[in-house]
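Single-structure report; data block below.
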Amino acid sequence: MWPRSLANLTGSLWLKRGHLIASQIVDTACTRAFSSTTTLPLAANLRLPLTEAGSPLRYRPRLAPPAKKRPPKGLDPTQDNLAAVVGYSTAGSYDLLTLADRLERQGVYETHYLVDELTAVCLYATAKYKVDPQVRPQEFFFYEHGSVVFWNTPELERESVIQFLRRVSMDPLESAVIFEESEMMQYALTAEPTRLQRDLIHLNERDSVYDKYAFSDAIAASVKLGTLESALDRIIDSIEHVSVDLKRGQKISMSRREVLQKTGEIFALKHAVNLAGDLLDTPDFYWDRENLETLYHATCAHLALSKRTRIVNEKLTHCYELMDLITNHLNDAHHTRLEWFIIILIMIEVGFELLHFVERFI
């Protein structure tokens, strides 16, 4: 009896030490994962433990992501020479060849290909009709990664084109996400060199289509990043209950299969942010075009692309750390269960041997 009691005592001490280490790891992971994101909707319903002073422990609210630099949604009525540049990300990607063919068949827009190195990246189109010769024509930049940028295009026409794009879209997005993550800027024609001043694009009257492309490229990257931020928010919401269960000491309500699937979603989003686009680097097109590169970088800085990309990567890292913690916990539980199965089988085998021993000698 004495060795058995000593073994039980030793085992309980190791178990308590393991729980203490696990709780410290959980607290660290939860603090990293949720200290700079959004508030916990279930926190108000939790019975929070008391500190030594008697006041309830406060859950640090998840802060909303930093607001992107968005210009006003409408044009300035005090300036008649302003027009709008609006960007949307509507799908995972476009089939540009099919899009060009269908636009030509429609007969409303005329398609143009830019330099050879942009043929697979962007399709440029202009409206064939002109309601008023004094009004600047509508122009469109369709990007292969599923974004479109409109220049001087009415809202009703923009919505019609977005509906038309669904026919050539792969992995189309929901309408709520498309319009929520849109970007709008204003531009005005001027006799001075093209530049971006604050949130207003000053476009030279003899503007080159490549100047517009540089601005459009940055806006398209911003709206694409916006849809990725929206996808990340959905992932965070889907795993939020895990941290709450860990805080409350409850059983984790995720299976190993679900954890593996969620980890795959995190890595797929990380691939889209870091490898599938040019969010971390300047596109090759601007390497030998310094004036266009200046316009592109100025617009990216205005839309805070670098900062937003860094924040997305940090959030993805925290989500992965949480999933890795859950994976290790579930694997340990699985291994423990297998060890118990082996112990039980050994005990059964020992029981049979005892029975054979009794039959032989008793």
| query | Just a yes or no: is a residue in region 145-161 within 28 Å of H302 (Cβ to Cβ), modelled with pLDDT of 90 or more and of a type in the set (K, R)? | reply | yes
| remark: In region 272-316, residues that are touching a strand residue (DSSP E or B) at 6+ places or on another chain (Cβ under 8 Å) and either under 18 Å from V121 (Cβ atoms) or part of a helix (DSSP H, G or I) (or both) total 4
| Criterion: modelled with pLDDT under 90 and buried (at least 16 other Cβ atoms within 10 Å of the Cβ) - qualifying residue of L354, L330 | L330
| query | If we scan region 255-271, do we find a residue that is among the aromatic types (F, W, Y), more than 30 Å from R136 (Cβ to Cβ) and either outside any loop (DSSP other than H, G, I, E, B) or out of contact with any strand residue (DSSP E or B) (no Cβ under 8 Å at 6 or more places or on another chain) (or both)? | reply | yes
| said: Among the residues of region 203-212, are any touching a Phe, Trp or Tyr at 6+ places or on another chain (Cβ under 8 Å) and either closer than 16 Å to N274 by Cα or assigned to a helix (DSSP H, G or I) (or both)? | reply: yes
| note | Filter region 268-303 for residues that are hydrophobic (A, V, I, L, M, F, W, C), in contact (Cβ under 8 Å) with a residue 24 or more places away in the chain and farther than 14 Å from F215 by Cα; the one that is surrounded by the fewest Cβ atoms within 10 Å (Cβ to Cβ) is L280
| task | Mind telling me which of the residues T294, T263, T317 ends up being among the polar types (S, T, N, Q) and within 23 Å of F150 (Cα to Cα)? | result | T294
| For region 294-348, what are the residues that are within 16 Å of the chain's Cα centre (by Cα) and of a type in the set (S, T, Y)? | S306, T309, T317, Y320
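The values are calculated or read from the model by the stated rules, or taken from the named source; none is laboratory data. Everything quoted here is computed from the prediction, not taken from an experiment. Cβ coordinates were reconstructed from backbone atoms using ideal geometry, including for glycine residues, and neighbour counts include every protein chain displayed.
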